[in-house]
Amino acid sequence: MANEDLSKLKIEKTRAISRPKRRKKIVFWSLLALAIILSGVLYSKGIFTPPVQVQVATVTQVHPSQTLTVLNASGYVVPQRKSALASKVTGRLIWLGVEEGNRVKKDQVVARLESQDVTAAKDQAEANVTAVRHNIELARAELREATLNLERNKALLAKGYIAKAAYDSALARYEKAVAAVEAAEATLKASLAGLEGANISLEYTSIRAPFDAVVLTKNADIGDIVTPIGAAANAKSAVITIADMNSLQVEADVSESNLNKIKVGQPCEIQLDALPEERFRGAIHMIVPTADRTKATVMVKVRFVDKDSRILPEMSAKVAFLSRPATPEEQKPRIAINQSAIVNRKEKKIVFLVKEERAVETPIDLGTKMGDMVEVLDGINVGQQIVLNPPDKLRNGLKIKAAEK
């Protein structure tokens, strides 16, 4: 019985071995299928594929008026009326009433120099004039008396009551009185001229604005010596520098070979580097009748049609010379992209945006064409990057790399 019981405990090796093998195969094929599926997903997302090299551009705003441009030039904003205010006399600055950015009116006193010496000279000149005027009154009184005495002596001489010598003496006295009056009057003129000179010298100590302007720079401080020559150590030749903001123009250099494309009065569009989103209307004011032979260019002055307080002297500017004036609608900025970035997909217009080094398929709505650009009404924003000339193999989500320029 014991042997029979032990024989029942035997293990069938074929069954025990076959079951683990089957399980291993199932696990293997399951893992393989999962790996294939995962690889397909990762491949579709471009993880196992090298990045596609593409051309990338940034979405910007453009102005339709750019299609009217026949020539471009660069230059700087320059005031046509600018002055460095100083005095004709040398003196110490004792008062300064303006600073940078202040607006001044014509004939407004902006600074004063010390004036004690010229004030004293003026007082002396006034006293001289007063003294001379009194001398004139004395000379005229003497002339009246001499005239009466001469008339009396003339009547007495005719009647034989006096000698001829007495009459001659009265006549001489009269002539001397006439000469004294004339001399006193001439002295008065000289004294008045001296007084006028003293007044002018005193006026020179008050520095005035010659026209309505804005103060650009302050060149001297209170206590500085101001001299018209400026040769002395630490001396200033100007107190402030002012400019007429209504006279601002862009001075741009145009190549000699392009002069036939422009003319006086031609409409322009001005863009300032300091205000890149703005476009200012302009017109050619003058083509300077001389050339710079070192650069083979001619200076063109472009005036601003519309004034703007943000426009400042010495700002760098770009000028677009237009074939005709731009309409108000053409002056409004629009979002536009190059037509080479647009792809037709299932009756839709799309572009590939660049996000985290991947291509993202994005539908867009288009507007009017502007040369090789086309307006985008919806779908993308200014500042985003898009793919130009997207290759046929480019798909949504693929990894991309911007081609080196």
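Altogether, the Stokes-Einstein calculation at 25 °C and 0.890 mPa s, with the Kirkwood radius of the range 116-204 over Cα pairs as Rh, returns a diffusion coefficient of 162 µm²/s.
The H on the amide N of Ser74, modeled in the peptide plane, is under 5 Å from the matching H of Asp253, Val319, each at least 5 residues off or on a different chain. Peptides 304-310, 78-84, 208-214 ranked from most to least packed by the mean count of surrounding Cβ atoms within 10 Å: 208-214, 78-84, 304-310.
Per residue of the chain, the DSSP helices (runs of n ≥ 4 H) give a summed -39500 (n - 2.57) that works out to -11000 deg cm²/dmol at 222 nm. Here the 3J(HN,Hα) profile of the range 363-377, calculated from phi with Karplus coefficients 6.51, -1.76 and 1.60 at θ = phi - 60°, is x, 9, 10, 9, x, 7, 8, 9, x, 8, 10, 9, 6, 10, 7 Hz, Gly and Pro shown as x. To the nearest 10 degrees, how steeply does helix 116-159 sit against the main Cα axis of the chain, on a 0 to 90 scale? Relative to the chain, helix 116-159 is tipped by roughly 30 degrees.
Note that the range 246-255 has calculated 3J(HN,Hα) couplings of 6, 9, 5, 9, 8, 9, 10, 9, 10, 4 Hz, one per residue in order, obtained from phi through the Karplus relation 6.51 cos²θ - 1.76 cosθ + 1.60 (θ = phi - 60°); glycine and proline are x.
For Phe211 and Asn102, the difference between the fully extended length at 0.36 nm per residue and the C-alpha to C-alpha distance is 37.9 nm. The shape of the chain can be summarised by an equivalent ellipsoid whose semi-axes, obtained from the alpha carbon gyration tensor, come to 103, 29, 15 Å from longest to shortest. FRET efficiency for the pair Met286 and Lys218, taken as 1/(1 + (r/R0)^6) with r the Cβ-Cβ distance and R0 = 30 Å, rounds to 0.45. Considering only beta bridges that DSSP places wholly inside the range 202-308, some 95 percent are antiparallel. Scalar couplings 3J(HN,Hα) for the range 302-314, obtained by applying the Karplus form with A = 6.51, B = -1.76, C = 1.60 to θ = phi - 60°, are 10, 8, 8, 6, 10, 7, 8, 5, 7, 7, 10, x, 6 Hz; x denotes Gly and Pro.
Placing +1 on the Cβ of every Lys and Arg and -1 on the Cβ of every Asp and Glu, with no other charges, gives the chain a dipole of roughly 3160 debye about its Cα centre. Around the Cα centre of the range 116-204, unit charges on the Cβ atoms of Lys, Arg, Asp and Glu (plus for the first two, minus for the last two) sum to a dipole of about 740 debye. Between Pro333, Ala165, Ala183, the Cα set farthest toward the positive side of the dipole of the chain (charges on each charged residue's Cβ, about the Cα centre) is that of Pro333. In this simple spin-label model, placing a label point 7 Å from the Cα along the Cα-to-Cβ direction at both Leu275 and Ala163 gives a separation of 9.9 nm. Counting charges near Val214 (Lys, Arg +1; Asp, Glu -1) among other residues having Cβ under 10 Å from its Cβ returns a value of -2. Across the options Asn260, Ala84, Leu202, the greatest Cα extent toward the positive end of the charge dipole of the chain (unit charges at beta carbon of Lys, Arg, Asp, Glu) belongs to Asn260. Spatially, the range 46-116 and the range 124-139 are offset by 57 Å when compared through their Cα centroids. Here the range 313-367 is assigned +1 on the Cβ of each Lys and Arg and -1 on the Cβ of each Asp and Glu. Its dipole about the Cα centre then comes out at about 200 debye. FRET efficiency for the Val56 to Leu377 pair, using the beta carbon distance and R₀ = 22 Å, is estimated at 0.45. For Met286, the residues whose amide H sits under 5 Å from its own are Lys301, ignoring neighbours fewer than 5 places away on the same chain, with H placed 1.01 Å from N.
Return the long-range amide H neighbours of Gln384 (sequence gap of 5 or more, or a different chain), with a cut-off of under 5 Å between placed amide H atoms. Distant-sequence amide H within range of Gln384: Val59.
No lab work stands behind these numbers, since they all come straight from the coordinates. From a predicted model like this one, the values you see are computed outputs, not experimental measurements. Methodologically, a virtual Cβ is constructed for each residue, glycine included, from the backbone with ideal geometry; neighbour enumeration extends over all protein chains shown.
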